[in-house]
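Engineer: Structure provided below as structure tokens; questions to follow.
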Amino acid sequence: MRIAMLSPIAWSTPPKKYGPWESVVSLLTEGLVKRGIDVTLFATADSHTSAKLHAVCPRPYEEDQSILVKACECLHISDVFERANEFDIIHNHFDYLPLTYSALVNTPVVTTVHGISSKKILPVYKKYNNKTFYVSISDAYRCHELDYIATVRHGIDIEGLHFNDRPQDYLLFLSRLHKDKGVKEAIEVAKKTGRKLRIAGFIADQAYFEKEVQPHIDNEQIIYEGHVDPERKKELLSNAYALLHMINYEEPFGLGVVEAMASGTPVIAMNLGSMPELISDGETGFLVNSIDEAADAVQKVASISRKKCRENVEKRFSVDRMVDDYIKVYETILKTCKREAERPWGHYEVLMQRPGYKVKTITVLPQGEISLQLHAHRNEHWYIVSGEGLVTKNGIQIRVLAGDSVDLSVNEEHRIKNIGNDNLIFIEVAQGDYLGEDDIVRLEDKYGRV
Ligand SMILES: O=P(O)(O)OC[C@H]1O[C@@H](O)[C@@H](O)[C@@H](O)[C@@H]1O
């Protein structure tokens, strides 16, 4: 299986500090390579991978203001799609822009929907609903207007996190510093319970930080650790008494939540979005609906077994499980696409598809015969390249050999039968406003498909 893995270029893959999408792409890529799958990773040039790396963007654009984001994105995405024929599947983690290329290639595209940041983006996802296979990262994060092939929850590098059964007494906030993530609320919980709160993460909204967070930082009870590196993050996670995740939005998934539990740290989270899919209430943390409930939950943290938190993550959020799930998705997609191309009379291969036209090579086995049919939206031109066939066109029969061609208009009844001893092969150019395989009205069929 040859997979093109399309990562974002906001951060490197894996990210040096922050970059949840890139982090998941990296774990998945490395996991697939370990299983012997041929992966080409499209990411920034400073990325690290055991797959083949293809890069046009030298550095993450979030780390280098001199990079023109749009230009880099164009080159990054077009490179994948221009090489589409080299891959069995293109796996898109780059949000919605690559969707707009998906109808131009024959290689199936699977898109992990990491986050739809605005309702205004939804029309793009809807337009390509039939052209790409969507994967949701939690059941909560499914949009009822889209179809999904599966839910695959993220896996994390559990071995890379330190499990600690004897924590210190501080509460932890670890995420982007933004209203959505509930830093203000975490501070309130800390103050209500009289506990120390360590805040770690980068400032995603300066105005919010200055108004709601900074005035409370006293470096005694409320401590700001800054944008921590992976080593400090591990320490903070494993030594924390509990993680406070007082989100104000329907979060699609919470990597930090799972990482905390893997370190043995219970999580107190607002009962929103994917949280009930990540936290077992009363077992690995608490799902709450208010600051008061969160403060009560802090008093109950001692009843949670830190060992059970780790075990739960090992069972449900390992990289191996995520890799297994994605391999299943890839296999299902390949089977679905193959089934379409295999017919009782032979098979076809789509050579090229562009808006308005589609080119196929069609092979009819000896004695094989396509159904007597018509199309409501497309004209077809057949050019016979080898074998011997009998075409029926509007009730008239014509014998065809290599070099002959046949033109079929919209709504014209037609069929072709292989009357030779070798495969009958022809090239078909279909032209019309709709080129889906379902535009076939079968009138008669030797294989009972009418
Ligand atoms: O309906 P069956 O017999 O499978 O034939 C399907 C085939 O028919 C031909 O006339 C063309 O339209 C092909 O593009 C199509 O794949």
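The values are calculated or read from the model by the stated rules, or taken from the named source; none is laboratory data. The structure presented is a predicted model; accordingly, all values stated were derived computationally and were not measured. Note: ideal-geometry Cβ built from the backbone for every residue, glycine included; neighbour counts use all protein chains shown. Calculation scope for accessible area: heavy atoms of the full protein, side chains included, ligands and nucleic acids excluded. Shrake-Rupley method; radii C 1.70, N 1.55, O 1.52, S 1.80 Å.
Engineer: Y447 to D422: extension gain in nm, 0.36 nm per residue of separation minus the Cα-Cα distance? Could the numbers behind the result be given before it?
Structural biologist: On the way: separation 25, 0.36 × 25 = 9.00 nm, distance 2.04 nm.
Computed gain between Y447 and D422 is 7.0 nm.
Engineer: Next up: For an R0 of 30 angstrom, estimate the FRET efficiency from the Cβ-Cβ distance between L351 and Q397 and round to the nearest 0.05. Intermediate values should be presented prior to the final figure.
Structural biologist: Values: r = 28 Å, r/R0 = 0.93.
The pair L351/Q397 has a calculated efficiency of 0.60.
Engineer: With n ≥ 4 as the cut-off for DSSP H runs, can you work out [θ] at 222 nm for the chain, using -39500 (n - 2.57) per run divided by the number of residues, rounded to the nearest 500?
Structural biologist: Working: 10 runs with 112 residues, N = 450.
Only helices count here, giving -7500 deg cm²/dmol.
Engineer: Continuing with this model, one more query. In whole Å, how far is the Cα centre of the stretch 313-358 from that of the stretch 399-450?
Structural biologist: 26 Å
Engineer: With the Cα gyration tensor of the chain giving a ≥ b ≥ c as the square roots of its eigenvalues, does the rule (a/c under 1.5 for rounded; else a/b larger than b/c for prolate; else oblate) give rounded, prolate or oblate? Don't skip to the end; give the middle numbers.
Structural biologist: On the way: a/c = 2.89, a/b = 2.62, b/c = 1.10.
Cα axes put the chain in the prolate bin.
Engineer: Taking a probe of 1.4 Å, how large is the accessible area per residue of the stretch 409-450, in Å²? All intermediate terms of the calculation are to be shown ahead of the outcome.
Structural biologist: Details: 2290 Å² over 42 residues.
Result: 54 Å² per residue.
Engineer: Between A341 and Q168, what is the FRET efficiency for a Förster distance of 60 Å, r being their Cβ-Cβ separation, to the nearest 0.05?
Structural biologist: On the way: r = 60 Å, r/R0 = 1.00.
That gives a FRET efficiency of 0.50.
Engineer: Contour minus end-to-end for D38 and K192, with contour as 0.36 nm per residue of separation and end-to-end as the Cα-Cα distance? Don't skip to the answer; put the middle values down first.
Structural biologist: Details: separation 154, 0.36 × 154 = 55.44 nm, distance 5.31 nm.
Full extension from D38 to K192 adds 50.1 nm.
Engineer: Could you check how much of the accessible area of the chain is carbon and sulfur, as a whole percent, using a 1.4 Å probe? Working shown, then result.
Structural biologist: Details: 9880 of 20210 Å².
Using a 1.4 Å probe with all protein chains present, the chain comes out at 49 percent carbon and sulfur.
Engineer: For the stretch 246-337, what does the relative contact order come out to in percent, with C-alpha contacts under 8 Å and a separation of six or more?
Structural biologist: Numbers: 108 pairs, mean separation 24.8, N = 92.
The value is 27 percent.
Engineer: Turning to a different aspect of this structure: How high is the FRET efficiency between N219 and K16 when r is their beta carbon distance and R₀ equals 41 Å, given to the nearest 0.05? Please report the intermediate quantities before stating the final value.
Structural biologist: Values: r = 26 Å, r/R0 = 0.63.
Between N219 and K16 the formula returns 0.95.
Engineer: Between the stretch 165-243 and the stretch 100-158, how far is it from one alpha carbon centroid to the other, in angstrom?
Structural biologist: 32 Å
Engineer: Then there is this: Relative contact order, percent, of the chain when contacts are C-alpha pairs under 8 Å separated by at least 6 residues? Please list the in-between numbers first.
Structural biologist: On the way: 983 pairs, mean separation 49.1, N = 450.
Relative contact order comes out at 11 percent.
Engineer: Something else about it: Where both residues lie in the chain, what percent of DSSP beta bridges are antiparallel, nearest 5? Provide the component values of the computation, followed by the final result.
Structural biologist: Working: 46 of 89 bridges.
So the antiparallel bridges in the chain amount to around 50 percent.
Engineer: Under the rule of at least 5 residues apart or a separate chain, name every residue whose amide H is placed under 5 Å from the amide H of G273.
Structural biologist: E251
Engineer: Still on this structure: Please work out the average accessible area per residue across the stretch 158-316, using the 1.4 Å probe convention, and give it in Å². Mind dumping the intermediate values first?
Structural biologist: Numbers: 6730 Å² over 159 residues.
Using a 1.4 Å probe on heavy atoms only, each residue of the stretch 158-316 averages 42 Å².
Engineer: Quote the relative contact order of the stretch 366-421 in percent (integer), defining contacts as alpha-carbon pairs under 8 Å separated by 6+ residues.
Structural biologist: Working: 121 pairs, mean separation 27.8, N = 56.
The value is 50 percent.
Engineer: Which distance in nm do the two modelled labels at A204 and Y434 give, with both placed 7 Å along the Cα-to-Cβ direction?
Structural biologist: A separation of 4.1 nm, rounded to one decimal place.
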